[in-house]
Amino acid sequence: MAFIMFRTPFQFLVFLLSICSVAVAQLEPRQSPSANAINSPVCQNYARVANLSTVALNATYRAAFLRSSSMGTFAARSILDVESPKLMGMMMDQKLNQQCGNLSQVALDGAAANLTQGNVLGLTILDAPGVTPDSPAMPIVQVAIFLLMGGTWLCL
């Protein structure tokens, strides 16, 4: 009957191995820090670094933050650039992760959820400035550029 259900012995063997691996697999408990640990300054710092680094290391989040920041792109960029190198050390610190939980994964999930709602780091994402391709100003700009470039070439 097993041969009818599985067309080849290899499929039957893979099926048996998958059942055995599910039965043998040991699940590790989730990291569940206490409420006092999350409010500690070390965990607050880890959460801040994780949130800023998530935005700094993702081009979509970073562009949205720089566009929406009221302090200007250079100041906002410097904040992101200072915090992002700290994340890897904090992610690999087992003691910190046991105390605070995996806050880098929490930051990734939170950033994705906020982006779908139109927010990044608590700021509403603003539209990009500039002329849209379907704007009536676009042909005027194109003609002006053509006349400037063509007129310069003709005068030579």
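What to note about this one:
- Integer Hz, Karplus 6.51/-1.76/1.60 couplings in order for segment 115-126, x for Gly and Pro: 5, 5, 8, x, 10, 9, 6, x, 9, 6, 6, 8
- With DNA, RNA and ligands ignored, accessible area of V106 (1.4 Å probe; Å², nearest 10): 90
- Rolling a 1.4 Å probe across all protein chains gives T8 an accessible area of roughly 60 Å².
- From phi via Karplus (6.51, -1.76, 1.60), per-residue ³J(HN,Hα) for segment 105-114 in Hz, x at Gly/Pro: 5, 4, 5, 4, 5, x, 5, 5, 5, 5
- Simple label model, 7 Å out from Cα along Cβ direction - M88 to M149, nm: 4.2
- Residues whose amide H falls under 5 Å from that of V120, counting only those 5 or more places apart or on a different chain, are I125, with hydrogens built in the peptide plane.
- Share of carbon and sulfur in the accessible heavy-atom surface of segment 96-156 [1.4 Å probe, %]: 68
- Heavy-atom accessible surface of segment 36-83: percent carbon and sulfur, 1.4 Å: 59
- Gyration tensor (alpha-carbon) shape descriptor, segment 112-156, a/c threshold 1.5: prolate
- Ranked by solvent-accessible area (1.4 Å probe, protein heavy atoms only, all chains present), the residues S70, S135, S78, S53 order from largest to smallest as S70, S78, S135, S53.
- What the phi angles of segment 77-91 give under the Karplus curve with 6.51, -1.76 and 1.60, with θ = phi - 60°, is a coupling list of 5, 5, 4, 5, 5, 6, 7, 5, x, 6, 5, 4, x, 6, 5 Hz, glycine and proline written as x.
The values are calculated or read from the model by the stated rules, or taken from the named source; none is laboratory data. Since the model is a prediction, treat every value here as computed from it, not as a measurement. Don't worry about glycine lacking a Cβ; one is built from the backbone with ideal geometry, like all the others, and counts go over all protein chains shown. Surface accessibility is based on the protein's heavy atoms, side chains included, excluding ligands, DNA and RNA. Shrake-Rupley method; radii C 1.70, N 1.55, O 1.52, S 1.80 Å.
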